[in-house]
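See structure below.
The values are calculated or read from the model by the stated rules, or taken from the named source; none is laboratory data. This one's a predicted model, so the numbers in the text were calculated from it and none came from an experiment. For neighbour counting, all protein chains shown are included, and Cβ atoms are generated from backbone atoms with ideal geometry for every residue, glycine included.
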């Protein structure tokens, strides 16, 4: 080995330099100390593994956040739709206008109403006739009215249902009246002398006394 001081070549087993007498053991010990003082490098594989674990954990966290956020949004949309449905209102009917009803009403032949009641169901109609019978209960009234005029008076009876206003004048037997209402087919009732009678039915919306 070479002497660390004078660099002279010595035998490997020599403990002192043949030229300068320096101890050769310092040389071998120094190398050991130098080698011992060099820090060991960490394996790169361990760092990479740790990095991948961190990335995996972050990915799972973001995935869970996305799932919960989506559920909240769906819930909010469902609530909004539910609230929206609760706000839906049915279309309201237009207010009744009696004058328009009177203008639209028509006078139909009595025999047609009696013969083909289905064809005239809910038709707006108007009649002038004579009251032959009055039946009242509070402000609700039922009338039998003859609506076909002839040289002897009136014939052809209809059955009328009507609800009077509280301040409206009563209708009496033998009154001549104008009736506006809707055709409701036929009605059958028992006559006072026995037997059943079937005649056209009218639900009146207005009755005016003529005389």
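When every residue of region 23-39 is checked against the conditions, at least one turns out to be over 42 Å from the mean Cα position of the chain (by Cα), modelled with pLDDT of 65 or more and in a loop (DSSP other than H, G, I, E, B). Sort out which residues of region 167-196 are part of a strand (DSSP E or B) and free of Cβ contacts under 8 Å to residues at least 40 places away in the same chain, and write them in order of number. Across region 167-196, the qualifying residues are 187, 188, 189, 190, 196. When you check residue 84 against the structure, is it at positive phi, surrounded by fewer than 16 Cβ atoms within 10 Å (Cβ to Cβ) and modelled with pLDDT under 95, yes or no? It is false that residue 84 is at positive phi, surrounded by fewer than 16 Cβ atoms within 10 Å (Cβ to Cβ) and modelled with pLDDT under 95.
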